[in-house]
Amino acid sequence: MPIITKITQGKKNPERYNIFFEEKFAFSVDEAVLVKYQLTKGKELDQWTIEEMAFDDQVRKSFNSALNYLSFRMRSEGEVRQKLKEKEYGDAVIDEAVKKLYTLNFLDDRAFSEALMRTQMASGKKGPRAIQQDMAKKGIDKQMQKDVLDSYSEEEQLEIARGLAEKLAAKEKNKTPNQIKQKITDLLLRKGYSYSLINQAIEGLELEKDEDEWADSVAEQGDKLWRKHSSKLTGYDLKSKVKQGLYQKGFPGEVINEYLDKKEQEDD
């Protein structure tokens, strides 16, 4: 069995120690492994002990790598495992490192999931479905996803969704009510809200227009359609095409007719 003939401290990393057999470098170990196995000059090591030390040292290195990764921000267990796999640590080594991280409270998927949800609610204005997708990407267990998202109340969802709806409605005030509703629906669906909650958010909005607002809106969108089709169409065909486009956008018939009458007078 090999005998340790020399132990030197690492130059680049003083927490690692170089082990020599017969004055030849054999391997290096973390200080914690050195202490655990009481490695000293003159100690005889069997092959089983050497392999066990090598495994423990890999666990220690992967643990330290995970700690460095966690130092920047909270991470999920899935993120840590993926990072360690990228560094080519074996599954058994990663399992032990992750177990140690949990024991020392460096990992907590429940706390991570709750923090992720609150962040996405506050800054991303996201609904449950979008947040659940974010959790899944981070490797959070499905049951934990459900448990955490159950605390995202419908009242909280509705408050955030209404805020988004009101902001978009104000931005798109020159659109028709139907157009605004569609834009709000599309946005809130992308944000991860359910259809039923979206309908509640829209119900509270004042989208109806007075006569002047209709006139401004139809003039803006009608002129765009007019310019778009006037290069290919004229007369009745042009008017019909514009009329059809305005109907599809949700303008009332009388508003469209008034606009087209005005355009006809301009042409005359």
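The values are calculated or read from the model by the stated rules, or taken from the named source; none is laboratory data. Nothing here was measured: the structure is a model prediction, and the numbers come from that model. Counting neighbours? That spans all protein chains shown, and the Cβs are built from the backbone with ideal geometry, glycine included. Surface accessibility is based on the protein's heavy atoms, side chains included, excluding ligands, DNA and RNA. Shrake-Rupley method; radii C 1.70, N 1.55, O 1.52, S 1.80 Å.
Quick notes
- Some residue of region 2-21 being of a type outside the set (S, T, N, Q) and in a helix (DSSP H, G or I): no
- Meets criteria (in contact with a helix residue (DSSP H, G or I) (Cβ under 9 Å, 6 or more places away or on another chain), part of a loop (DSSP other than H, G, I, E, B) and at pLDDT 90 or above) for residue 67: no
- Some residue of region 151-172 being modelled with pLDDT under 95, under 15 Å from residue 187 (Cα atoms) and in a loop (DSSP other than H, G, I, E, B): yes
- Taking residues in region 137-159 that are in contact (Cβ under 8 Å) with a residue 60 or more places away in the chain, and partners anywhere that are open to solvent by less than 90 Å² (accessible area, probe 1.4 Å) and in a loop (DSSP other than H, G, I, E, B), the pairs with Cβ atoms closer than 6 Å and at least 6 places apart or on different chains are 138/76; 139/76; 140/76.
- Condition met for residue 80 (within 24 Å of the chain's Cα centre (by Cα) and either closer than 23 Å to residue 29 by Cα or not in a loop (DSSP other than H, G, I, E, B) (or both)): yes
- Contacts under 8 angstrom Cβ, first residue in region 11-25 being at positive phi, partner of a type outside the set (Val, Ile, Thr) and assigned to a loop (DSSP other than H, G, I, E, B), 6 or more apart: 22/2
- Inside region 239-255, residues that are closer than 14 Å to residue 174 by Cα and either surrounded by fewer than 13 Cβ atoms within 10 Å (Cβ to Cβ) or of a type in the set (Lys, Arg) (or both) make up a count of 1.
- Restricting attention to region 71-93, the residues that are among the acidic types (Asp, Glu), closer than 30 Å to residue 118 by Cβ and open to solvent by 100 Å² or more (accessible area, probe 1.4 Å) add up to 1.
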